[in-house]
Amino acid sequence: MYFTTHLSCGLFCGALTKNSLGALCLGLVSHAALDMIPHHDYDSVGRAAVDIASGLVILSAMQTLFPGLSGPLLWGAIGGTIPDLEVALRRIFPGYKLRRLFPSHSGLLPHPQREFPKGVLVQFAIIAVCLFFCFSLGR
């Protein structure tokens, strides 16, 4: 899954729980759940950089729009995205040797892939739904 997809779901978790710890925990759960949906993963650092920048703009906008939920939104986003740090470290540092720990990265949970463009369209739909509900709950 793309960073922005995980981040959007994490934002939804923050808006839903309105609690930083709950948002962090639910964000971690959402990461595993999203990874089990057939999706497309990018394979270049350039695409990853654009995706991360887009996600950070969305995070900043949501925190500005809903300042009363700023903490839960941030912690939900962190919970939703932080598991991919172990994947990013392997891509950035080829000599990185620590084994993958997160269940959907280690093989404990399925992590099915779908070819472009279907795997991207699935993610756009998830982002749209998560942000819609985040806006609805944030008001």
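The values are calculated or read from the model by the stated rules, or taken from the named source; none is laboratory data. Only a predicted model underlies this, so the values are computations on that prediction, with no experimental measurement involved. Counting neighbours? That spans all protein chains shown, and the Cβs are built from the backbone with ideal geometry, glycine included. Heavy atoms of the whole protein, side chains included, go into the accessibility calculation; ligands, DNA and RNA do not. Shrake-Rupley method; radii C 1.70, N 1.55, O 1.52, S 1.80 Å.
Candidates are the residues of region 1-52 that are open to solvent by 20 Å² or more (accessible area, probe 1.4 Å) and polar (S, T, N, Q); the one that is nearest to residue 128 (Cα to Cα) is 17.
How many of the residues making up region 101-111 are assigned to a loop (DSSP other than H, G, I, E, B) and open to solvent by 40 Å² or more (accessible area, probe 1.4 Å)? Here the count works out to 6. Looking across 69, 98, 121, one residue alone is open to solvent by 40 Å² or more (accessible area, probe 1.4 Å) and in a helix (DSSP H, G or I). It is 121. Answer yes or no as to whether residue 49 is under 17 Å from residue 3 (Cα atoms), in contact with a helix residue (DSSP H, G or I) (Cβ under 8 Å, 6 or more places away or on another chain) and part of a helix (DSSP H, G or I). Criteria not met by residue 49. Restricting attention to region 73-95, the residues that are touching a Cys at 6+ places or on another chain (Cβ under 9 Å) and open to solvent by 40 Å² or more (accessible area, probe 1.4 Å) total 1. For the residues 15, 61, 53, the requirement of being in contact (Cβ under 8 Å) with a residue 12 or more places away in the chain and either small (Gly, Ala, Ser) or under 19 Å from residue 139 (Cβ atoms) (or both) singles out 15.
Only a single criterion out of (1) open to solvent by 50 Å² or more (accessible area, probe 1.4 Å); (2) within 22 Å of residue 89 (Cα to Cα) is not satisfied by residue 55, namely (1).
Tell me, yes or no, whether region 49-57 has at least one residue that is closer than 17 Å to residue 125 by Cα, at pLDDT 95 or above, among the aliphatic types (A, V, I, L, M) and over 12 Å from the mean Cα position of the chain (by Cα). There is no residue in region 49-57 that is closer than 17 Å to residue 125 by Cα, at pLDDT 95 or above, among the aliphatic types (A, V, I, L, M) and over 12 Å from the mean Cα position of the chain (by Cα).
Starting from residues that are hydrophobic (A, V, I, L, M, F, W, C) and under 22 Å from residue 29 (Cβ atoms), keep the ones in region 90-123 and report whichever is modelled with the lowest pLDDT. Checked region 90-123; the qualifying residue modelled with the lowest pLDDT is 101. Applying a threshold of 8 Å to beta carbon distances and a minimum spacing of six or more residues, or different chains, the list of pairs starting in region 79-108 at a residue that is within 20 Å of residue 23 (Cβ to Cβ) and ending at one that is modelled with pLDDT of 90 or more and surrounded by fewer than 12 Cβ atoms within 10 Å (Cβ to Cβ) reads 104/110.
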